[in-house]
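All remarks here apply to the structure that follows.
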Amino acid sequence: MAEHNSSADGLPLGYKLRTGGVTAGAFPTSSQIARALVAAAKARVPIKFTAGLHHPIRQFRDEVNTKMHGFLNMLGAAVLAAEHQWDEEQTSKLLEDENAASFSFSNDSFAWREWKIATDQIKARRQLVISFGSCSFDEPREDLRALEL
């Protein structure tokens, strides 16, 4: 895809990473996701996420009997890994964080712990970190409100 994108005149190719489903086995590990995020950032291949991203922060859910990935974890890991050239180990740490207090927002940046990315850099990363999908509209919004985000 990277080779095509470097020589193509049309729209770039990208890929969709499935991050969950209705059974525990449908959820990739944080390590698998980190490998995909780091590879996409290095190759400058656009990526979007689908399935299982109903909640902002990673958490165990009885309905699937596993930990579901959080969309803030996923999007944060994608942009911070690209911005700071993280390796898979560092990227996995953010993906596995279950503490909402680790994430912060201001008018000019997003931060996870001591790692920050400026809002203008997030906008630039939107060419590579396209979107995420959830089969729920209300759950993500309700969870963000509960976290006062």
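A single entry from Leu53, Leu147 fulfils the requirement of being within 13 Å of the chain's Cα centre (by Cα) and in contact (Cβ under 8 Å) with a residue 24 or more places away in the chain: Leu53.
The single condition among (1) surrounded by 12 or more Cβ atoms within 10 Å (Cβ to Cβ); (2) in contact with a helix residue (DSSP H, G or I) (Cβ under 8 Å, 6 or more places away or on another chain) that Ser104 does not meet is (2).
For the range 69-96, filtering for residues that are open to solvent by 10 Å² or more (accessible area, probe 1.4 Å) and either among the β-branched types (Val, Ile, Thr) or more than 25 Å from Arg44 (Cβ to Cβ) (or both) leaves 2.
Scanning the range 107-149 for residues that are open to solvent by 50 Å² or more (accessible area, probe 1.4 Å), more than 27 Å from Pro12 (Cβ to Cβ) and in contact with a Pro (Cβ under 8 Å, 6 or more places away or on another chain) yields a total of 2. Taking every residue in the range 11-38 that is closer than 13 Å to Met74 by Cβ and pairing it with any residue that is open to solvent by 40 Å² or more (accessible area, probe 1.4 Å) and not in a helix (DSSP H, G or I), at least 6 positions away or on another chain, the pairs with Cβ-Cβ distances below 6 Å are Lys16/Lys48. If you check Glu83, Glu96 for being modelled with pLDDT of 95 or more and charged (D, E, K, R), only one passes: Glu96. Residues that are touching a helix residue (DSSP H, G or I) at 6+ places or on another chain (Cβ under 8 Å), open to solvent by 30 Å² or more (accessible area, probe 1.4 Å) and not in a helix (DSSP H, G or I) within the range 39-53 comprise just one, Arg44.
The values are calculated or read from the model by the stated rules, or taken from the named source; none is laboratory data. No experiment lies behind these values; they were computed from the predicted model shown. Counting neighbours? That spans all protein chains shown, and the Cβs are built from the backbone with ideal geometry, glycine included. Each accessible area value is taken on the protein alone, full model and side chains, heavy atoms only, with ligands, DNA and RNA left out. Shrake-Rupley method; radii C 1.70, N 1.55, O 1.52, S 1.80 Å.
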